Structures are given as C-alpha cells and as structure tokens.
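Participant: Pasting a structure here, questions to come.
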Amino acid sequence: MSAEGGTKAILAALAANTGIAVSKFIAAGITGSASMLAEGVHSVADASNQALLLLGKKRSEREASPAHPFGYGRERYIYAFIVAIVLFTVGGLYAIYEGYHKLSDPHELSSPMVAVVVLVIAIVLESFSLRTAVKESNAVRGERTWVQFVRGAKSPELPTILLEDIGALVGLIAALLGVGLSILTGDPIFDAIGTLVIGVLLVAIAVVLAVEMKSLLIGESASLDNIAAIEAAITADGSINRIIHLKTLHIGPEEMLVAAKIAIERGETGAEIAAEIDGAESRIREAVPLAMQIYLEPDLDRVRAER
C-alpha cells in the first residue's frame, strides 16, 4: 500500500470527523436527540482513531534495535487493533446504552430541524472522506473485490478508514431517519431506534476490524502472488535445483521475511554455493521489494541423488 495514500485518507477522515463531532454535539445540546448524541460520540471516537493510526505509522518508522532486530513495523497493527477496541466501546456500546436509555424513558426532541441540518451537512462531509478512502484504495487493490481487499490487506490504515467511513455514513443516515420519523410521527421512539441501529452497526464493524488485526498481529504470510514470484526468482537461473520448503512472514505492512531451504548439487564448493545464494537473494528483492529480510539455507538435493 502507498504510505502517502494511507496518510492522505487518514487526514481527510480526521478533518471531517473533527468538524462533524463539534456540530453534532452542538445540535445534540439544542435538540436533546439521543441519536445525535450517539453520533457525536461516534465522531469523537473516529477522530481519536485516526489520530491513533497516525501515531502508529509514526512509531513504526523507528529504526531496528538490538531488542527489536526486525524493527517496529507491527506497531501499526497494534494501534489499528486499539482502534477496533475504541470503536467497539466508545462508539458501539455507548450508542446501544443511549438507545436503550431513550427507549426506557423517551422524551420529545426540541428544535429537531437543527439536528436534520447538521446530519445533512455531516453526510456530505463524510461522503467526501469516504470518496478519498475509496480513491486511495482503488490505487492499490487491483482486481480484488472490496471484501478481498479488506481481508487480504497487509497495511491496516486504508481498510480501517474504509470501514469507519462506511459505518459513519450508514450511521448518519440511520440517525437522520430516526430524527425524521420522530418529527413526522411525533414519537421519539424512532430516535431511540436509530441510536440502537448505530450502536449495532459500530459493534459489527469493530468486530470485523479486531478479527483482521488479530490475524496480522499473529503473523500472516505473503500473498499467493508474492510467494509465486519468490519461488520463481529463487530457481530462475537453474543453479538452484529446487526449493525444499519456503516460509514467509510480514514483519510489517511494507516489510517481509523470507526463509527457505534450497537444494544444491553434491560437490559444489562453498564459493559456488555463496554465489548462488547471493544471486537468488538479489532476484527475490527485485521481484518482491517487500522482501527485505532473506535467509536461504542450502542443503543437499537428496531427492535427485536418490534417483
């Protein structure tokens, strides 16, 4: 993923959510709308999440140290996982609680048209944020579907922003419907129902994010395309007979570890083996620039020898 593209999407979402949060809280104070208050808290959570993603990107750029010889690339996954927790608790659970509270004790909205105006403005701003995230994602997702992109992305920022923006936009529409139906019917229960819908939606998105970030934290292999490119690069010049086994691991969104045991001919000299390994490493880095840590272990080609 382009680091610049991810940062651009984060900054666009941060600017939009900060402005939206201020306007929502003002409207919630004027109208007493539960869904508006829930949306305000949601926007604060979103803005905080974007700040966390920026912090994670910054901390992941630190140089490797003796205590962390492979660097700090996975910090981006840690902060994205924290984002999922914040979205689940501050966004989702709070909205569910507020919706339940308003169902138990409904009261009329005051100045509901203020809420409508703010929600419409927020929908417009959130649409621009989502548009930026979609544009930046399209630049890197290739032929993958959106589900495949979210499930297979090794960089957490764009999938996180995409899901947040989609959740925010759908939540705003739910809030607008809740307030609108409350105005039309005079029954504030619709505002409470809209709040509950927002909460359930945010909890669902948070769970999806948490599952994906957990997988990245545990450690995911390279994509199938990259694995195929690495295998082809190792055996490209014919000096290495075959790959006995190959393991890959993302130690960060833009850094990969490659470890392989390669088969060599019996009787080759140390200098010949070293030259073959150096050549294979060079070809791997050219084919897959993310492969920055490469360890190739030579072994006798016992399969060929038995033949």
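Participant: Could you give every pair whose Cβ atoms fall below 7 Å, whose first residue belongs to region 159-174 and is in the same structural domain as Gln50 (by TED's automatic domain parsing), and whose second residue is crowded, with 21+ Cβ neighbours inside 10 Å and not in a helix (DSSP H, G or I), counting only separations of at least 6 or pairs across chains?
Facilitator: Pro159/Ala153
Participant: Enumerate the pairs (first residue in region 38-56 and modelled with pLDDT of 85 or more; second residue anywhere and hydroxyl-bearing (Ser, Thr, Tyr)) with beta-carbon separation below 7 Å, excluding pairs fewer than 6 apart on the same chain, so at least 6 apart or on different chains.
Facilitator: Close Cβ pairs (under 7 Å, with a partner that is hydroxyl-bearing (Ser, Thr, Tyr)) amount to Ala47/Thr18; Leu52/Tyr79; Leu53/Tyr79; Leu53/Thr160; Leu55/Tyr79; Gly56/Tyr79.
Participant: What is the residue count in region 224-277 for residues that are in a strand (DSSP E or B) and either among the aliphatic types (A, V, I, L, M) or at pLDDT below 90 (or both)?
Facilitator: Of all residues in region 224-277, those in a strand (DSSP E or B) come to 242-252, 255-264.
Pick out the ones that are also either among the aliphatic types (A, V, I, L, M) or at pLDDT below 90 (or both) and you get 242-244, 246, 249, 251-252, 256-260, 262-264.
Within region 224-277, residues that are in a strand (DSSP E or B) and either among the aliphatic types (A, V, I, L, M) or at pLDDT below 90 (or both) number 15.
Participant: Go through region 96-112 and report how many residues are without any contact (Cβ under 8 Å) to a residue 40 or more places away in the chain and either assigned to a helix (DSSP H, G or I) or under 33 Å from the mean Cα position of the chain (by Cα) (or both). Can you show your working first?
Facilitator: To start, the set of residues in region 96-112 that are without any contact (Cβ under 8 Å) to a residue 40 or more places away in the chain comprises 104-105.
Then drop every residue that is not either assigned to a helix (DSSP H, G or I) or under 33 Å from the mean Cα position of the chain (by Cα) (or both), which leaves 104.
Of the residues in that region, 1 qualify.
Participant: Among the candidates Glu265, Glu220, which residue alone is touching a residue at least 60 places away in the same chain (Cβ under 8 Å) and surrounded by 13 or more Cβ atoms within 10 Å (Cβ to Cβ)?
Facilitator: Numbers: Glu265 fails: touching a residue at least 60 places away in the same chain (Cβ under 8 Å).
Answer to the check: Glu220.
Participant: Among Arg62, Arg74, which is the only one that is at pLDDT 85 or above, exposed (fewer than 13 other Cβ atoms within 10 Å of the Cβ) and more than 19 Å from Val170 (Cβ to Cβ)? Let's see the steps before the verdict.
Facilitator: Details: Arg74 fails: exposed (fewer than 13 other Cβ atoms within 10 Å of the Cβ).
Of the residues listed, the single one that is at pLDDT 85 or above, exposed (fewer than 13 other Cβ atoms within 10 Å of the Cβ) and more than 19 Å from Val170 (Cβ to Cβ) is Arg62.
Participant: Could you list all residues from region 144-166 that are out of contact with any Pro (no Cβ under 6 Å at 6 or more places or on another chain), surrounded by fewer than 24 Cβ atoms within 10 Å (Cβ to Cβ) and in a helix (DSSP H, G or I)?
Facilitator: The initial filter retains those residues of region 144-166 that are out of contact with any Pro (no Cβ under 6 Å at 6 or more places or on another chain), namely 144-149, 151-152, 156-166.
Narrowing further to those that are surrounded by fewer than 24 Cβ atoms within 10 Å (Cβ to Cβ): 144-149, 151-152, 162-163, 166.
Across region 144-166, the qualifying residues are Trp146, Val147, Gln148, Phe149, Arg151, Gly152, Leu162, Leu163, Ile166.
Participant: So, one more: State all residues of region 227-252 that are buried (at least 16 other Cβ atoms within 10 Å of the Cβ), free of Cβ contacts under 8 Å to residues at least 24 places away in the same chain and closer than 24 Å to Ser155 by Cβ; if no residue qualifies, say none.
Facilitator: Ile227, Glu231, Leu246
Participant: Of all residues in region 10-40, which are under 19 Å from Gly92 (Cα atoms), buried (at least 21 other Cβ atoms within 10 Å of the Cβ) and hydrophobic (A, V, I, L, M, F, W, C)?
Facilitator: Of everything in region 10-40, those that are under 19 Å from Gly92 (Cα atoms), buried (at least 21 other Cβ atoms within 10 Å of the Cβ) and hydrophobic (A, V, I, L, M, F, W, C) turn out to be Ala13, Ile20, Ala21, Ala28, Ala34, Met36, Leu37, Ala38.
Participant: Here's another thing I want to ask about it. Name the residue, out of Ser182, Ser137, Ser111, Ser127, that is within 30 Å of Leu257 (Cα to Cα) and among the hydroxyl-bearing types (Ser, Thr, Tyr).
Facilitator: Values: Ser182 fails: within 30 Å of Leu257 (Cα to Cα); Ser111 fails: within 30 Å of Leu257 (Cα to Cα); Ser127 fails: within 30 Å of Leu257 (Cα to Cα).
Only one candidate qualifies: Ser137.
The values are calculated or read from the model by the stated rules, or taken from the named source; none is laboratory data. If you're wondering where the values come from, they're calculated on a predicted model, not measured in any experiment. Cβ coordinates were reconstructed from backbone atoms using ideal geometry, including for glycine residues, and neighbour counts include every protein chain displayed.
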